Amino acid sequence: MDPASVGGAATGPSSINEGPSSGVVIASATPPTATQQGGAGESSSSPAPPSRYESQKRRDWNTFLQYLKNHKPPLTLARCSGAHVIEFLKYLDQFGKTKVHITGCPYFGQPNPPVPCTCPLKQAWGSLDALIGRLRAAYEENGGRPESNPFAARAVRIYLREVREGQAKARGIAYEKKKRKRSTATTTAVGANVSAAAAPAADGGAGSGDSGDDSAGGTAANVGTATAAAATTTNV
């Protein structure tokens, strides 16, 4: 066998037990192993890729800037207000995928209609709420002052609350507030009471705890599709 081919095979960890002379292969495999370990150390020190949240936040921010550029008349970020943010959210409704029944629809308030209807599709409240959270953070990360953040304006909060209440009635669903801290404490209290009741040496008297609800959760929503489409089709 060609010595060069033996040396080439020794560069991989799986080649240690291969070749006509195991001693030669092992000896030649030792330096590459150290080199590979060094290479792994260098790669681990490289910056990690942005998270999914950071990538989505950057896309949302670029989409909003494009929306301002295409606005008629064009708007600058410095002149953007809460009213313009609300206009942007209404604009995104055309890319929505959530059926929101109108008042005259026979399925108004029904979460699972038996047949499709002609009611419009809109952005779900959870998607808009998450979008505003990302844009609010992006505004300040790009040099905006917190006190002038249009995404934190009171008008935007009121609009989101109205969307949540309106969609809850139209879709027949309820948006529950998160009670994670309270439910965690309640679970701990209930667990302590169960342990006390199960103790054989209990002399009498069982503690009572509040029955909490550990079903708190939020809407994991994403308007990535809408913002991506808006970036290319914005025309106000």
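Each reported figure results from applying straightforward, stated rules to the coordinates on display, with no laboratory input. Small disclaimer: the values here were computed from a predicted structure and weren't measured. Note that each Cβ is placed from the backbone with ideal geometry, even for glycine, and that neighbours are counted across all protein chains shown.
Applying D = kT/(6 pi eta Rh) to region 97-162, where Rh is the Kirkwood radius over alpha-carbon pairs, T corresponds to 20 °C and eta to 1.002 mPa s, the Stokes-Einstein value obtained is 152 µm²/s.
Here the gap between ARG145 and ALA78, fully extended at 0.36 nm per residue and compared with their Cα-Cα distance, gives a gain of 23.1 nm. When the Cα centres of region 108-134 and region 57-81 are compared, how far apart do they sit, in Å? First find each Cα centre; the distance between them is then 25 Å. Counting charges near ARG171 (Lys, Arg +1; Asp, Glu -1) among other residues having Cβ under 12 Å from its Cβ returns a value of +3. A simple rule links phi to the HN-Hα coupling: the Karplus curve 6.51 cos²θ - 1.76 cosθ + 1.60 with θ = phi - 60°, which for region 121-129 gives 9, 9, 6, 5, 4, x, 5, 5, 5 Hz, with x for Gly and Pro. With the simple spin-label model, which puts each label point 7 Å out from Cα in the Cβ direction, the CYS117 to ALA155 separation comes to 3.1 nm.
Per-residue Karplus couplings for region 150-162, computed as 6.51 cos²θ - 1.76 cosθ + 1.60 with θ equal to phi - 60°, are listed in order as x, 6, 9, 5, 4, 4, 5, 5, 5, 4, 4, 5, 5 Hz, Gly and Pro entered as x. Close amide H contacts of GLY96 (hydrogens built in the peptide plane, cut-off under 5 Å, sequence separation of 5 or more or a different chain): GLN123.
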